[in-house]
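Here's the structure, in structure tokens; my notes come after.
Values quoted throughout were computed directly from the atomic coordinates according to the rules given, and no laboratory measurement underlies them. Source: prediction; values computed, not measured. Glycine also receives a Cβ, built like all others from the backbone with ideal geometry; neighbour counts cover every protein chain displayed.
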Amino acid sequence: MTGTVMEAILLKNGRIIDPSSDIDLAGDLLIEDRRIADIGPGLKGPEHAQLVDLNNKWVVPGLIDMHVHLREPGQEYKETIETGTRAAAAGGFTKVACMPNTSPPNDNEGITRFILDKAREAGNCQVLPVAAVSTGQKGRGLTEFFDLLNAGAVAFSDDGVPVRKASVMRLALEYALNFDALIISHAEEPDLSAQGCMNEGITSTRLGLRGIPNAAEDVAVFRDCCLAELTGARLHIAHVSTKGAVEIIRRAKEKGVKVTAETAPHYFSLTEEAVEDYNTLAKMNPPLRTEEDRRAIIEGLRDGTIDAIATDHAPHESLSKECEFALAANGIIGLETALPLALKVLLREEGFSPLEIARLMSQNPASILKVEGGSLEKGKRADVTVIDSELPFTLDRDSLFSKSFNSPFLGQSFRGRAILTIMEGKVTFDLLGLLREG
């Protein structure tokens, strides 16, 4: 059952994983009145509580995706706030931050409020609007940060396109200091990436496709880290894909620059080889890179250089992908594959702990965005995700909740996924029917 706020839910015999308290232990979790009422072994709870025996399934703070594209307003044929947040709940997410490159872009308080109203109406997941840095995302005049923050925006970005002029990015960072606001950088140097459609290298040469060099990202990351150091403002680097970018961010952090970073699951799961046979489902920006870059991304996640995993969920209708590779749209859906890929690659292949994965997908995004979440401490808002780390499934079009199905992982088998998602005490996804009606 989904869509109902219950007075009390008692999750029994779970594996409680709370990165905010460094807890990984067998126990129970009680939810009452939309809050976490208690946590520990042998909890009893009130008589009216719905009891669920989890048989050692993971109980983690609700996952938070700080980089999604919900397409509404203006591109509802690709995704809507309702379908996108349903996909988020199915992926175990209780919060998602949506990028501003809608049509029109989210560059004013009216659109910010529209997004929040639509999200409340859908009721699947809390949506955190990221507003545009510049009016119309044209890289010239800044938007009204104060008004947008008051309307509900949580950060600013021109994601989808970079802020091309260094002077405008500097001004945005300086303006953000007035509100301790976060600037999210789409780090790309357009003069280097222009007209490229995949990673520049041996594979692009063999396929006869124009490539995008690593330097297109590295140069932009370096510029923005320098500007963050100059201004003292908070900077977040989106969708890190290169070895060079990881090293630049690492050195900036060592110098005390207020910079954080995210990567997407496809950058630690796939390489440019996925583009073989002109597979448009593997076309994205930044593009899939080399195995050396993939290894650097994993090490960046391991040592804390990269703070968060974000999906960069980018839904497209079939016509945008079923065309010549160079003309195909960039991006893949990711809300329903992020956790399975983290379990496959990071947990099983790379030896990350469940605590580390919960930190990357919940606690750290909450901290970066400065929103409530990422914790199972008593009294906190009841955003909870239950994960069956062993449940096998195959990703197919019929099982997807997203309106689009542009994923290079279609047809692949996975082990582990979210089975129960609870947002502020409300069940938003219940794969196995663990909770009963009434």
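Here are some notes:
- Against the chain, whose longest principal axis is taken from its Cα atoms, helix 215-231 shows a tilt of about 70°.
- Once the chain from Val5 to Phe179 is taken as fully extended at 0.36 nm per residue, the excess over their C-alpha distance is 59.2 nm.
- Degrees separating the helix 243-254 axis from the principal Cα axis of the chain, which is the longest one: 70
- Here the calculated FRET efficiency for Asn330 and Glu247, from their Cβ-Cβ distance with R0 = 22 Å, stands at 0.35, rounded to the nearest 0.05.
- Rounded to the nearest 500, the 222 nm mean residue ellipticity of the chain from helices alone is -7500 deg cm²/dmol, with -39,500 (n - 2.57) taken per DSSP H run of at least 4 residues.
- Look at the alpha carbon pairs under 8 Å that are at least 6 residues apart: their mean separation over the length of the range 346-438 gives a relative contact order of 22 percent.
- FRET efficiency estimate (nearest 0.05) - Cβ-Cβ, Asn55 to Arg210, R0 45 angstrom: 0.30
- When the P(r) is computed for the range 213-320, the part past 17 Å accounts for 52% of the Cα-Cα pairs.
- For the range 1-117, DSSP calls about 60 percent of its internal beta bridges antiparallel.
- Whole-angstrom gap from the range 362-402 to the range 11-61, using each part's C-alpha centre: 15
- Between the listed residues Leu30, Thr271, Gly208, the Cα displaced farthest toward the positive end of the dipole of the chain, a dipole computed from Cβ unit charges relative to the Cα centre, is found at Leu30.
- Secondary structure note: in the chain, about 50% of the DSSP beta bridges are antiparallel.
- Ranking Gly331, Ala382, Val371 by how far each Cα lies toward the positive end of the dipole of the chain (charges on Cβ) leaves Val371 at the top.
- Shown is the FRET efficiency for Asp277 and Glu299, computed with R0 = 30 Å from the Cβ-Cβ distance and rounded to the nearest 0.05: 0.50.
- Kirkwood Rh in Å, taken over the chain so that all alpha-carbon pairs contribute: 21.7
- Going from the fewest other Cβ atoms within 10 Å to the most, the residues His186, His48 appear in the order His48, His186.
- Here the spin labels are modelled as points 7 Å beyond Cα on the Cα-Cβ line, and at Lys44 and Glu229 they lie 6.1 nm apart.
- Charge dipole magnitude, Cβ of K and R +1, D and E -1 - the chain, Cα centre, debye nearest 20: 320
- Each peptide in 323-335, 352-364 receives the mean, over its residues, of other Cβ atoms within 10 Å, and ordering these scores from highest gives 352-364, 323-335.
- Residues whose amide H comes within less than 5 Å of that of Phe352, counting only those at least five positions distant or on another chain, are Leu347 (H built at 1.01 Å from N in the peptide plane).
- For the range 199-209, the Karplus equation 6.51 cos²θ - 1.76 cosθ + 1.60, evaluated at θ = phi - 60°, returns couplings of 4, 7, x, 4, 5, 5, 5, 5, 7, x, 10 Hz by residue, with Gly and Pro reported as x.
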